[in-house]
Amino acid sequence: MKKIIKIVMSFLLTLSILANSSCAPIMIGGASSGGLILVQERSSKQAGIDILTKTKIEEALFSNNYENLFSKIRVIVYEGRVLLVGTVSKEEHKNSAEELANKISNVKEIANYISIGKQGLVDYIKDTRISLELKAKLLTDKEVSEVNFTSTTENRVLFIIGIAKDEKEINRILQHASNIAGVKKVINLIVEKNDPRRFNK
């Protein structure tokens, strides 16, 4: 059931991303209500490539081992950088996931943070609460463009990936993350918009 919900949410997010043009301004709240205008740093073309890459990786996990890979591992792709997060029972499953992801085109680098062990329902609920709380904090911070970041939580370790306009924005996000109750560790995978790594083919 959790996997079905994630797939549906991923589909809705895909529609949302494709609706935006390259670096298009996104209005929140409407001009008459003094809403914020956010700029998406990732182009719509790159967002589409990332969605396709994510889908191909998930298809590979599904066809290779549904029970031990697809159902246990979350995949996030941002400008070709792949984040693998989840909890599996064996080291070989962790390695297999990375090997499968590495075979997919348009993958620039892989951050494999899959852990070995077990995750129960209580852990899942705690992780979901942490992720939702961070999203709420970023949405209400006028100095952060929340649209440029994606996060997920596993075993109370909070992972954040995306593009920041500068170091100040990164520090604000990390401060929000570290102030959330229950967070054991924050993994920062954010790059600044002028970082040369973004433009390496």
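The values are calculated or read from the model by the stated rules, or taken from the named source; none is laboratory data. Please read these numbers as outputs of a predicted model, since none were measured by experiment. With ideal geometry, Cβ positions are generated from the backbone for all residues, glycine too; neighbour counts draw on all protein chains shown.
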Going through the range 50-75 one residue at a time, which ones are in a strand (DSSP E or B) and crowded, with 20+ Cβ neighbours inside 10 Å? 73, 75
What is the one condition in (1) modelled with pLDDT of 95 or more; (2) surrounded by 15 or more Cβ atoms within 10 Å (Cβ to Cβ) that residue 198 does not satisfy? (1)
Failed item, numbered, when residue 17 is tested on (1) at pLDDT 50 or above; (2) surrounded by 13 or more Cβ atoms within 10 Å (Cβ to Cβ); (3) not in a loop (DSSP other than H, G, I, E, B): (1)
What are the residue pairs meeting all of these: first residue in the range 56-69, first residue outside the structural domain of residue 91 (by TED's automatic domain parsing) and at pLDDT 95 or above, second residue among the small types (Gly, Ala, Ser) and surrounded by 17 or more Cβ atoms within 10 Å (Cβ to Cβ), Cβ atoms under 6 Å, and 6 or more apart or on different chains? none
Taking residue 86 as meeting all but one of (1) surrounded by 15 or more Cβ atoms within 10 Å (Cβ to Cβ); (2) outside the structural domain of residue 52 (by TED's automatic domain parsing), write down the number of the exception. (2)
Starting from the range 170-190, keep only residues that are touching a residue at least 60 places away in the same chain (Cβ under 8 Å) and surrounded by 12 or more Cβ atoms within 10 Å (Cβ to Cβ), then list their pairs with residues that are part of a strand (DSSP E or B) and among the aromatic types (Phe, Trp, Tyr) whose Cβ atoms are within a distance under 9 Å, requiring at least 6 positions of separation or different chains. 187/113; 187/159; 189/78; 189/159
The condition from (1) of a type outside the set (A, V, I, L, M, F, W, C); (2) part of a strand (DSSP E or B); (3) closer than 23 Å to residue 46 by Cβ that residue 169 misses is numbered (2)
Looking at the range 119-137, I want the residues that are farther than 11 Å from residue 151 by Cα and have a partner that is in a helix (DSSP H, G or I) with Cβ atoms under 6 Å, at least 6 apart or on another chain. Which pairs are those? 137/176
Out of (1) in a loop (DSSP other than H, G, I, E, B); (2) hydrophobic (A, V, I, L, M, F, W, C); (3) over 30 Å from residue 44 (Cα atoms), the odd one out for residue 125 is which? (1)
